[in-house]
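Colleague: Quick one: this structure, given as structure tokens, is what I'll be asking you about.
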Amino acid sequence: MAQQICDICHRRPATTRVTVLQSGQRQNLDVCDYDYAQLTRHQRYISPLESLFQGNSLFDEFFGDRFNGENGESSLSRRRALSDRESVSIDNYLSEQTKEFLQRAAEKAVEFGKREVDTEHLLYALTDSEVVQAILKQFKLSPEEIRSYIDQNATRGDLDEDEEKQVEVGVSPRVKSVLERAFTASRELGHRYVGTEHLLIGLAEVPDSFAGTLLQKYGLTPAALRQQTVKVVGKGAEEGRVETPSNTPQLDKYSRDLTALAQQG
């Protein structure tokens, strides 16, 4: 009887059967040791962040009552940006790529020994985004330069190896503010999604943070980032993409698929 091949890589022999949630449906997959380790590794960090996407809408989870005045009405400026609050769930606007980078930020936080995702972890993760890289290029700034600065200057936490395996990663108030501002920036630019470029704008709009200070240092102001975002992805776009094709389409697809498989119920 022929040996079963891994359903993810289609190369290595399968050793474990897992039940995953894919496209809203449960299915069984036979996976190799390597891909099983990747799935469980991702799930360690993803689950705490995914709790933010369950139950209440992300709008309520991140924004709570901060948009409400004394009479329960939103302020004028917020009402303009979010006039259809009743029908808005920000989760519906976050692109799959955005969710993936939030998850990567959680992994980076744990690597730094932290129990909470903060702006430096999110900015570090965003430097791998093709759209963000294109925007940084407009400022003659490389992703490596950003990552190097964070590696050298970001504080480290006290998580030990055992804690890293089981830690529940939280989200700092600063990152919640970033998400709020990213959503508003998306709407103001006429975009129908919240992408990595909007997260970058959101980071720049939280000046009292590690990432906000760093972006200001390099001249990446909110206004300048908005201008370059329009230049890179356009105004009124339905999805944030750089017009030039990716150099690693298969790797990009694999990363997206692996993330989807890791989102187990």
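The values are calculated or read from the model by the stated rules, or taken from the named source; none is laboratory data. Given the structure is predicted, the values throughout are model-derived calculations rather than measurements. No Cβ is skipped: glycine too gets one built from the backbone with ideal geometry, and neighbour counts run over all protein chains shown.
Colleague: Quick one: which of GLY219, GLY157, GLY170 is in contact (Cβ under 8 Å) with a residue 24 or more places away in the chain and under 17 Å from the mean Cα position of the chain (by Cα)?
Modeller: GLY170
Colleague: Under the condition of being in contact (Cβ under 8 Å) with a residue 60 or more places away in the chain and in a loop (DSSP other than H, G, I, E, B), which residue from the range 114-131 is nearest to ALA204 (Cα to Cα)?
Modeller: ASP118
Colleague: Now, a different point. Just checking, how many residues over the range 1-45 are part of a loop (DSSP other than H, G, I, E, B), among the hydrophobic types (A, V, I, L, M, F, W, C), loosely packed, with under 14 Cβ neighbours inside 10 Å and at pLDDT 70 or above?
Modeller: Of the residues in that region, 0 qualify.
Colleague: Quick one: which helices (runs of 4 or more DSSP H) sit completely within the range 140-213 and have at least 2 residues that are surrounded by fewer than 17 Cβ atoms within 10 Å (Cβ to Cβ) and at pLDDT 95 or above?
Modeller: Passing ranges, in order: 143-153.
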